[in-house]
Amino acid sequence: DMKLTLLGTGCPEPSLRRASSGYLVEVGGERLLFDVGGGVYDRLLQAGHMPDDIDRLFLTHLHSDHMMDYARLVHAGWDAGKGLLGSKPLEVYGPAPTAVIHERLFGEEGVFAFDLAARTEFQGSQEVWIARGGSLPRPKPVVDLSEIEPGFTKTTKAWTLTSCAVPHAQPWLTCLAFRIEADGKSIVYSGDAGYSDDLAALSEGADVLIHWCYRLSSETMNKHVTALSPHAGDIGALAERCGAKRLVLTHLRAHMDADPAQHAAMLTEAQAVFSGEVQIAEDLAVIEL
């Protein structure tokens with residue numbers, strides 16, 4: 001069985017309704033987090049999980065709205081004991097330069113170097129650490145980080161993950177989509193994706209296809225954005241060709257939530273070409289497979 005929690009279904013724009021991108025999959029006794037954009041850390045807590053509960057993090061790409069809360073997740077997980085009080089380090093998988101970003105945050109010359117020096121060397125902080133069950137010297141944050149490329153796969157006893165490249169912000173960023181399968185069920189997360197044959201193949205027969213929907217069908221003024229941002233009808237057509245069973249439209253912009261008629265139009269456009277179930281994503285919604 002798999003449990004999917006939509007932690008963040010928005011974009012970089014300020015929104016009380018939607019955090020930026022983040023999706024939690026619970027499978028085989030593990031908690032896998034796909035992207036960790038701004039606000040996703042808080043949604044994780046609201047969904048009843050602690051930061052050190054996360055076993056593996058998969059990043060589709062390195063736009064800020066997909067990884068802004070990386071520092072919060074790693075730092076809070078470290079402070080709670082992830083990898084340091086008996087649990088194994090967080091496994092992180094992301095395209096280059098994920099390792100550079102991690103080093104610039106948590107390395108000896110990183111953004112948090114001053115904070116970490118105080119937390120590991122100040123006597124009061126050491127006392128708190130010892131009281132929690134730690135010992136001195138207190139180690140600094142450690143993750144098990146792997147940089148990955150399109151086509152990356154990973155298989156455990158419980159699940160299999162596959163990936164492909166999707167057109168979005170190349171050549172500045174490598175952009176991925178992921179598929180996870182377990183017990184004959186599958187979830188595909190497009191990341192931010194224009195149409196591609198590779199994504200269509202990755203999505204074949206998916207039980208759930210989570211696909212970004214960054215614009216309304218009427219929004220065509222910006223040529224490049226239009227070309228790389230399919231609207232609800234386009235996405236519905238993709239889901240139908242792939243034989244997906246359920247489509248979740250996500251990564252909505254603030255103005256798309258301003259009028260309920262816009263949601264209704266999106267659903268109508270997708271349902272006109274897709275025979276499966278369609279829904280507009282909402283933060284903290286849960287889908288069980």
With r as the distance between the Cβ atoms of LEU45 and ALA118 and R0 = 25 Å, compute the FRET efficiency 1/(1 + (r/R0)^6) and round to 0.05.
0.55
0 to 90° range, to nearest 10: angle between helix 70-80 axis and the chain longest Cα axis
40 degrees
THR220 versus ARG241: modelled label distance in nm, points set 7 Å from Cα along the beta carbon direction:
1.9 nm
Which of ALA201, THR60, ALA165 sits closest to the plus end of the dipole of the chain, meaning its Cα is farthest towards the positive end, when Lys and Arg get +1 and Asp and Glu get -1 on the C-beta?
THR60
Taking a probe of 1.4 angstrom, what is the accessible area of THR162 in Å², to the nearest 10?
40 Å²
Per residue of the chain, what 222 nm ellipticity follows from adding -39500 (n - 2.57) for every DSSP H run with n ≥ 4, rounded to the nearest 500?
-8000 deg cm²/dmol
Looking at the chain, which longest stretch skips every one of the chymotrypsin sites (Phe, Trp or Tyr not before Pro) that is in a DSSP loop with at most 13 other Cβ atoms within 10 Å, leaving the sites themselves out?
1-121
Carbon plus sulfur fraction of accessible area for the chain, probe 1.4 Å, in percent
54 percent
Nearest 10 degrees, 0 to 90: what angle lies between the long axis of helix 260-271 and the longest principal axis of the chain (Cα atoms)?
70 degrees
Nitroxide proxy distance, nm - points 7 Å out along Cα→Cβ at ALA227 and ALA99:
3.3 nm
Could you state the accessible area per residue of the chain in Å², with a 1.4 Å probe and every protein chain left in place?
44 Å²
Which whole-number percentage describes the relative contact order of the stretch 44-151, with Cα contacts under 8 Å and a sequence gap of 6 or more?
30 percent
Rounded to two decimals, what ratio of Rg to Rh does the chain give with C-alpha atoms and a Kirkwood Rh?
1.00
For the chain, whose charge dipole is built from +1 on Lys and Arg Cβ atoms and -1 on Asp and Glu Cβ atoms, the candidate among ALA118, THR5, ALA99 with its Cα farthest towards the positive end is ALA118
Between the stretch 224-274 and the stretch 31-109, the Cα center-to-center distance that results, in Å:
29 Å
In debye to the nearest 20, the charge dipole size for the chain, taken about the Cα centre with +1 at each Lys and Arg Cβ and -1 at each Asp and Glu Cβ, equals 200 debye
Extension length gain for LEU136 and ARG17 (0.36 nm per residue less Cα distance), in nm, is 38.6 nm
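The values are calculated or read from the model by the stated rules, or taken from the named source; none is laboratory data. The model shown is predicted, which means the values in this text are computed figures rather than measured ones. Please note: Cβ atoms are built from the backbone with ideal geometry, for glycine as well, and neighbour counts cover all protein chains shown. Ligands, DNA and RNA are stripped out before the accessible areas are found, and what is left, the full protein with its side chains, is counted by its heavy atoms. Shrake-Rupley method; radii C 1.70, N 1.55, O 1.52, S 1.80 Å.
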